[in-house]
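I have placed the structure first, in the form of C-alpha cells, so that the comments after it can refer back to it.
Bear in mind these aren't lab numbers, they're just calculated from the coordinates by the rules spelled out. Note that the structure is predicted; figures quoted are calculated from it, not measured. Ideal geometry is used to build each Cβ from the backbone, glycine not excepted, and the neighbour counts take in all protein chains shown.
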Amino acid sequence: MPINLHFGADDLLRIRFAISPLCETHEAVRTLRRADRHGYHTPWLRRMRATVAGLDLTPLWLFMPSPPPGYTPDFLGRPPDSPMADFDEELARLRATDPALARAEMAKSLACMPGAAESARGRAALADPARAIHELADVTERAWHALLAPDWPRLRALLEAEIGYRSRQLAGGGLQRLFADLYPRLSWSGDTLTVRTRTDVLQMQDLDGRGVLLLPSVFVWPDVVSGFEPPWQPTVIYPARGIGGLWSEPETGPALARLLGVNRAAVLAALDAPSTTSALAHRLGLAPSSVSAHLSVLRDAGLLASRRHGHQVLYERTPLGIALAAGG
C-alpha cells in the first residue's frame, strides 16, 4: 500500500540528498537473508559466505522483521546530518541515542513479530535499553568492517554518481523531472509524493515543513522505504541507478587493449558509470597514481569528461568514449 507524503511550500525548500554508510550497512545485513534481494547481489553474497559464517548478527536481526512489512527502530539508521556522512560519526550518534527513545522504538519493532517481545533477547533489550544500544552499535560496527568497508569506494562512487545525476535532473526540470524516473514505486502529482512500500495500510503524512531526505541505496533494492517519525526528518530510501553492473568486472576487448594499452583500456571499460579515481583503482586493483595518469590521458583525448562533486572529481565517458568502449 502507498504512503502519500504531502509537501507544503516550506517542504519544497528542504528536499536534500545524502549518503549513509550506516544505513547501507543495515540494508546489507537485511540482504543476507532476503531471497528477493539476491538477483543483482548474488556475486557479493557468494564472496561474503565465509565472512558471514563468522558474524553473529542476531541482535540486529531481532529488530529487522522478515519478511516485511514491519518496523525497524529509526535510531538504528537515523537520517544523516551531512550529505556525505562518515561511518564513524554516524556510529557515534547511534551510541549516543537516548535510552528512553530507543526503548520506545524497540518496543514498537518487537510488537511487529509474534513472540519477539517475550523472547529472552526481547525482554533483555527492553529491560536495559542502554545496554541494547551498545550491543547493536557493536554488531553494526563489526558488520560494516566485514561486509561493506572493503567495497565502500566502489559503492560510494556509485551513490555519488546517482546524486550528481539526480541533481542535474532537478536543475533541468524541477521536481516533475526528478521524480519521473527516480524509481517505479515513486510518483509525483501536484503536491504529493506517493511511495509504494510493503506496508499493509494506506498512510497519509504531512511533512509540516520538515522536507524530505532522499537517500540512494545499493542494498535496499528491490524495495523503497519511507519512514522516520519525529524527531527524525522524513526519509525515502530508494535503489540507485547502476546496481546491475556493480559487481561485474569490466570486460576489455583485445582490439581496444591493442589501441590504448591494457590498463588504459581497462580504465575506459570500467567507467560504465561515473566514478572517482580511488574507486576505479580499488575496482581494477591498480595504484591510484597509475589510474590518475590514465584518466588524464583519456580525458585529454576527448574520451572522458570530469566534473567536481563535493570534494571529489567524478569521471565519465563522453559519447566518443562510449562508442569506442562499445566498439572495443
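For a quick check: with amide H placed at 1.01 Å from N, whose amide H comes under 5 Å from Asp206's, ignoring anything fewer than 5 positions away on the same chain?
His6
Quick one: grab the alpha carbon gyration tensor of region 1-159, order the square roots of its eigenvalues as a ≥ b ≥ c, and give me rounded if a/c is under 1.5, else prolate or oblate depending on whether a/b is larger than b/c.
Taking the square roots of the gyration eigenvalues as a ≥ b ≥ c, region 1-159 is rounded.
Hey, how much of the P(r) for region 249-327 falls beyond 20 Å, as a percent of Cα pairs?
Tail of the P(r) past 20 Å holds 20 percent of the pairs.
Quick one: His134, His309, His26, fewest Cβ neighbours within 10 Å first, how do they rank?
So the ranking, lowest neighbour count to highest, is His134, His309, His26.
How far is it, in nm, from the label point at Ser248 to the one at Asp300 when both lie 7 Å from their Cα along the line to the Cβ?
Placing both labels 7 Å along Cα→Cβ, they lie 3.2 nm apart.
Could you pull out which residues in region 263-280 have an amide N less than 18 Å from a spot 7 Å beyond the Cα of Arg307, following the Cα-Cβ vector?
In region 263-280, the label zone of Arg307 (backbone N under 18 Å from the point 7 Å along Cα→Cβ) covers 271-277.
Sticking with the crude label model, points 7 Å out along Cα→Cβ, report the distance from Arg46 to Ala104 in nm, one decimal please.
So the label points at Arg46 and Ala104 sit 4.7 nm apart.
Sorting Glu160, Glu118 on the 10 Å Cβ count, fewest up front, what's the list?
Glu118, Glu160
Hey, what do the phi angles of region 159-175 turn into as Karplus ³J(HN,Hα) couplings, whole Hz, using 6.51/-1.76/1.60 and θ = phi - 60°, x for Gly and Pro?
Per-residue couplings from phi come out as 5, 5, 5, 4, 5, x, 5, 5, 5, 5, 4, 5, 5, x, x, x, 5 Hz.
Pull out a ≥ b ≥ c, the square roots of the eigenvalues of the alpha-carbon gyration tensor of region 195-320, then state rounded if a/c is under 1.5, prolate if not and a/b is larger than b/c, and oblate in the remaining case.
The shape class here is prolate.
Could you grab the Rg to Rh ratio for the chain? Cα atoms only, Kirkwood for Rh.
1.00
Mind telling me which of Ile15, Ile163, Ile243 comes out most flexible in a GNM of the chain, alpha-carbon contacts under 10 Å?
The residue with the greatest mean-square fluctuation here is Ile15.
Take the chain, connect every pair of alpha-carbon atoms lying under 10 Å apart with a spring to form a Gaussian network, then pick out the residue of Ala104, Ala269, Ala240 with the largest mean-square fluctuation.
Ala104
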